[in-house]
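**Q** One structure follows; several queries about it will come next.
Every number here is computed from the coordinates shown, using simple stated rules; none is lab data. Since the model is a prediction, treat every value here as computed from it, not as a measurement. Note that we place each Cβ from the backbone using ideal geometry, even for glycine, and neighbour counts take in every protein chain shown.
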């Protein structure tokens, strides 16, 4: 989406006219944000560790040009990671030239990221001096041996106080975020919109994946910030950023009006890996031609348009879903309904989801309960049969008295995993049992404990004749989770399973086989009802033939 489409629903653009900023020869092409609103950019510019990289500013100039081309309005503030003092000053100059406003470095480090005491300082904050002012306190706070930049910014027209923290966890982000929120509360108790922006070095979901599905189990830092701490993840709420794994965030205590992630960067510069070594070495002219005027980092920037928080804020995420993913012959996607309670009293709102056939919403009704000063989220699964004809549908999500319509696209095809598991421990997913490598293994969840039976289900991709299942226990000298008592089930549709075999295997690492009269099957499930070591299962390889 281009800049005008992003902002059309957020506010009426306020033109500046053609008066250039002082010291600039460029007339502003991007509008100012209106009174009471602020646009904040977050980026990890990766320009602080290698001296040759920090000395060359081509990537910073490219970044300024990229913002001018992709943002819907002139940024009021930038919270930045991996940027030294000279680079921050160069970027402020480049932004002034590219955007026609006066940009000023408010907080930045020195010529080296590494301090004499062994700590690291490579966060920075840049402000648009034509739209923003900064007041004390301003400076750095050390968290996990990383210096976090902060400043008490405000709109120059007096309409909004915007404390800004440019953060970069050096260890466990859950521990760091507790320190960040404490810092924000202590330094800026009167802030109307508080921003924690930075690269948290961790994706939102606890289990790594290429996308970040709505209903995944979130990491502790994210759950704490968006729940008890009542911050909003702007990119999650308004940028539909679930289609990709990313570690850059703009968390805000306030109202998120609009947000975006520079996903167009993927299409404009798809092979960033070929650019990065040249820029890291400070030799951008040696990079492939497409890189030279486009590359700014190997991760895209994010932005958010923010306003003062309302007593109660409600969001439905994402704005559109596609039923292009199947699990056991069922198309599915998820929607999150969230309320932020900024009042001093507990809040309860009814949730109703209306979905007409062939769509189904689960649950169709629920209650959102948010304690005073906290937020809460409900996840709704939207499903349809795999053979649903392609087309457009809608669901309606009603929270209290507010209704939101979410378009739903049924695609021609749906992607289905090769294997499923009833549970798995992070890092030991079921795909490790079908990768042909007996050195890797699936392990059902054991923290917290999950009782047996547990199972792993193979998706053969089409209906085939199946007469045996092979089971290779883990082969690392540890027999924990080795299946002793088992059952085998088959299904042609992923919904109805029939038991075809069962028995007991020896508790050793030798290859096991279950045989049965050949049957038609697309899905083959191996279930363990008793295992060595405790109430969990493991498998190095599972096959069906």
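**Q** Using only Cα atoms and rounding to the nearest 10 degrees, what angle (0 to 90) does helix 85-99 make with the longest principal axis of the chain?
**A** 80
**Q** Further question: Per DSSP helix of 4 or more residues, -39500 (n - 2.57); summed, then divided by the residues of the chain. What does that give at 222 nm, rounded to the nearest 500?
**A** Value at 222 nm, helices only, nearest 500: -4000 deg cm²/dmol.
**Q** Among 490-499, 191-200, 154-163, 29-38, how do they line up from the highest to the lowest mean number of other beta-carbon atoms within 10 Å?
**A** Taking the mean over residues of other Cβ atoms within 10 Å, the ranking is 191-200, 29-38, 154-163, 490-499.
**Q** Still on this model: So if we plug the beta-carbon distance of residue 418 and residue 142 into 1/(1 + (r/R0)^6) with R0 = 51 Å, what FRET efficiency do we get, rounded to 0.05? Present the calculation step by step, with values, prior to reporting the outcome.
**A** Details: r = 47 Å, r/R0 = 0.91.
So, using R0 = 51 Å, E works out to roughly 0.65.
**Q** Using 1/(1 + (r/R0)^6) with R0 = 22 angstrom and r between the beta carbons of residue 172 and residue 223, what's the FRET efficiency to the nearest 0.05?
**A** With a Förster radius of 22 Å, E is 0.95.
**Q** A follow-up question, please. Could you list the residues of the stretch 330-344 with an amide nitrogen less than 11 Å from a label point located 7 Å from the Cα of residue 211 in the Cα-to-C-beta direction?
**A** Residues passing the 11 Å test: 332-334.
**Q** Now for a different question. So what is the relative contact order of the stretch 479-545, in percent, for Cα pairs below 8 Å that sit 6 or more residues apart?
**A** Relative contact order for the stretch 479-545 comes out at 48 percent.
**Q** Extending each Cα 7 Å along its Cβ direction at residue 283 and residue 364, get the distance between those two points in nm, one decimal.
**A** If labels sit at residue 283 and residue 364, their model points lie 6.6 nm apart.
**Q** Run the simple label-point estimate for residue 310 and residue 480 please: 7 Å along Cα→C-beta, distance reported in nm.
**A** It works out to 4.9 nm between the two label points.
**Q** Separation of the stretch 509-545 and the stretch 289-324 by C-alpha centroid, Å?
**A** 43
**Q** Measure nothing but the geometry: give the 0 to 90° angle between the long axis through the Cα atoms of 58-70 and the longest principal axis through the Cα atoms of the chain, rounded to 10°.
**A** Helix 58-70 sits roughly 80 degrees off the main axis of the chain.
**Q** Nearest 10 degrees, 0 to 90: what angle lies between the long axis of helix 173-187 and the longest principal axis of the chain (Cα atoms)?
**A** For 173-187 against the chain, the angle is about 30 degrees.
**Q** Here is a further query. Quickly work out the residue 447-to-residue 327 label distance, labels modelled 7 Å from Cα along the C-beta direction, and quote it in nm with one decimal.
**A** It is 2.3 nm.
**Q** Right, another one. Antiparallel DSSP bridges in the chain: what percent, to the nearest 5?
**A** Among the beta bridges of the chain, antiparallel pairing accounts for roughly 90 percent.
**Q** Let me ask another. Pop the C-beta distance of residue 394 and residue 50 into the FRET formula with R0 = 41 Å and round what comes out to the nearest 0.05. Mind showing how you got there, number by number?
**A** On the way: r = 50 Å, r/R0 = 1.23.
Using R0 = 41 Å, I get an efficiency of 0.20.
**Q** What is the extension gain from residue 515 to residue 319, computed as 0.36 nm multiplied by their sequence separation minus the C-alpha to C-alpha distance, in nm to one decimal?
**A** Values: separation 196, 0.36 × 196 = 70.56 nm, distance 4.85 nm.
Extra length available between residue 515 and residue 319 comes to 65.7 nm.
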